[in-house]
Amino acid sequence: MFDSEMRCIPTSRRWKEEYFIGDRDIIGAAHYVIFPEIQERWNSVHRRGLEGETIWVDEDRFESEWMELANDCKIGS
């Protein structure tokens, strides 16, 4: 959950759990500080999106550690 400057706004406990934030106080922190694994080029993509541009590239998407973990989980296992 981020504002138009990509700073974290108040979030739910569940959101913090899903993104492995823990108990860290991240309100007001820059997105790129919270998620340092994001490649620099995403900065311009985020900015363009915030300016209203629709951007879609199937082959080039951000995946974090939590997404990889979710993909490894199987229902009923």
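The values are calculated or read from the model by the stated rules, or taken from the named source; none is laboratory data. Note that the coordinates shown come from a computational prediction; the quantities given were computed from them, not determined experimentally. Every residue, glycine among them, receives a Cβ derived from its backbone with ideal geometry; neighbour counts consider all protein chains shown.
Would you mind finding the one in I9, I27, I21 that is modelled with pLDDT of 85 or more, surrounded by 10 or more Cβ atoms within 10 Å (Cβ to Cβ) and in contact with a Gly (Cβ under 9 Å, 6 or more places away or on another chain)?
Going through I9, I27, I21 in turn, the sole match is I9.
Residue pairs, Cβ under 8 Å, 6 or more apart or interchain, first in segment 38-67 and within 18 Å of D3 (Cβ to Cβ), second modelled with pLDDT of 80 or more and assigned to a loop (DSSP other than H, G, I, E, B). List them.
Partner pairs satisfying both residue conditions: V45/I55; H46/M6; R48/I55; G49/I55; L50/S4; L50/M6.
Just checking, does segment 15-25 include any residue being part of a loop (DSSP other than H, G, I, E, B), without any contact (Cβ under 8 Å) to a residue 60 or more places away in the chain, in contact with an Asp or Glu (Cβ under 9 Å, 6 or more places away or on another chain) and closer than 26 Å to G52 by Cα?
No, segment 15-25 contains no residue that is part of a loop (DSSP other than H, G, I, E, B), without any contact (Cβ under 8 Å) to a residue 60 or more places away in the chain, in contact with an Asp or Glu (Cβ under 9 Å, 6 or more places away or on another chain) and closer than 26 Å to G52 by Cα.
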